[in-house]
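Peer 1: Have a look at this one before I ask anything.
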Amino acid sequence: LASGAEDWRYRLNTHLLADGTHAVLVRATDSTGAIGLYTTTINIDNRPPELVLDTPRDGQVYTETLSLNGRSLDNIGVAALKVSVTPVAAAGVTGRESLEVPLSASGVLLHQLDLKGLPEGWYNLRLEATDRAGNRTYVSRNFLRQASAEAERVEVYFPADGEALAGPFSVCGRVLTRSLPENVLV
């Protein structure tokens with residue numbers, strides 16, 4: 001029963017209902033016993049939007065542009081989608097070391113982030129979606145911003161990965177870096 005008569009109120013716990021569209025039937029009985037019926041629909045949205053971020057992957061190295069690829073989905077609709085990039089180490093933050101960009105909430109995520117103004121270092125990327133009911137969800141990734149297109153890495157050419165060897169053998173490869181190290185330890 002609702003509380004009140006001419007002005008009445010009923011609190012509905014929507015957490016008990018599944019997400020989606022539901023019919024509501026209101027039945028009122030006056031002092032003479034006459035019954036009046038009214039029906040309407042309500043949209044229930046208790047779950048946050050679903051976010052899938054295919055790229056970037058954790059630990060990837062980027063120089064000038066970072067590609068965001070993925071999708072967002074909600075049963076009622078995504079109202080807002082934004083990406084923010086902040087440095088992992090907060091020491092010495094001075095302005096253009098962070099950025100926040102609103103994105104299209106169309107469902108498919110294809111966006112190029114310009115990283116040219118960011119100093120080198122590790123960053124946290126946070127993608128956040130908000131649906132029309134105010135529910136929020138996010139995913140995050142860490143990536144390394146480098147000025148050079150060549151990432152610092154070691155490439156081993158010989159022996160091949162998983163190769164079984166016996167006796168003396170040579171190790172062949174190269175170190176890709178901006179400044180040569182004093183030595184390489186295998």
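The values are calculated or read from the model by the stated rules, or taken from the named source; none is laboratory data. Because the structure is a prediction, the values reported are computed rather than measured. Cβ atoms come from the backbone with ideal geometry, glycine included; neighbour counts cover every protein chain shown. Ligands, DNA and RNA are excluded from the accessible area calculation, which covers all protein heavy atoms including side chains. Shrake-Rupley method; radii C 1.70, N 1.55, O 1.52, S 1.80 Å.
Peer 1: Please pick out the residue among Ser104, Ser67 that is open to solvent by 20 Å² or more (accessible area, probe 1.4 Å), closer than 22 Å to Leu144 by Cβ and hydroxyl-bearing (Ser, Thr, Tyr). Lay out the reasoning, then the answer.
Peer 2: On the way: Ser104 fails: closer than 22 Å to Leu144 by Cβ.
Result: Ser67 is the single residue among Ser104, Ser67 that is open to solvent by 20 Å² or more (accessible area, probe 1.4 Å), closer than 22 Å to Leu144 by Cβ and hydroxyl-bearing (Ser, Thr, Tyr).
Peer 1: Would you confirm, using the coordinates I've provided, whether Val154 is open to solvent by 60 Å² or more (accessible area, probe 1.4 Å), part of a strand (DSSP E or B), out of contact with any helix residue (DSSP H, G or I) (no Cβ under 7 Å at 6 or more places or on another chain) and not charged (D, E, K, R)? Reasoning before the result, please.
Peer 2: Working: open to solvent by 60 Å² or more (accessible area, probe 1.4 Å): yes; part of a strand (DSSP E or B): yes; out of contact with any helix residue (DSSP H, G or I) (no Cβ under 7 Å at 6 or more places or on another chain): yes; not charged (D, E, K, R): yes.
For Val154, the condition - open to solvent by 60 Å² or more (accessible area, probe 1.4 Å), part of a strand (DSSP E or B), out of contact with any helix residue (DSSP H, G or I) (no Cβ under 7 Å at 6 or more places or on another chain) and not charged (D, E, K, R) - is met.
Peer 1: Could you figure out which of (1) surrounded by 14 or more Cβ atoms within 10 Å (Cβ to Cβ); (2) charged (D, E, K, R); (3) out of contact with any Asp or Glu (no Cβ under 7 Å at 6 or more places or on another chain) isn't true of Asp45?
Peer 2: Only one criterion in (1) surrounded by 14 or more Cβ atoms within 10 Å (Cβ to Cβ); (2) charged (D, E, K, R); (3) out of contact with any Asp or Glu (no Cβ under 7 Å at 6 or more places or on another chain) is unmet by Asp45, namely (3).
Peer 1: Consider Asp58 carefully, then state whether it is at pLDDT below 90, touching a strand residue (DSSP E or B) at 6+ places or on another chain (Cβ under 7 Å) and surrounded by fewer than 10 Cβ atoms within 10 Å (Cβ to Cβ). Can you show your working first?
Peer 2: Values: at pLDDT below 90: yes; touching a strand residue (DSSP E or B) at 6+ places or on another chain (Cβ under 7 Å): yes; surrounded by fewer than 10 Cβ atoms within 10 Å (Cβ to Cβ): yes.
Yes: the conditions hold for Asp58.
Peer 1: If Ser140 meets every condition in (1) under 30 Å from Gly20 (Cβ atoms); (2) touching a residue at least 24 places away in the same chain (Cβ under 8 Å); (3) part of a strand (DSSP E or B) apart from one, which number is that one?
Peer 2: Every listed condition holds for Ser140 apart from (2).
Peer 1: Can you confirm whether Thr94 is at pLDDT below 80 and not small (Gly, Ala, Ser)? Write out each step before concluding.
Peer 2: On the way: at pLDDT below 80: yes; not small (Gly, Ala, Ser): yes.
Yes; evaluated as a whole, the condition is true for this residue.
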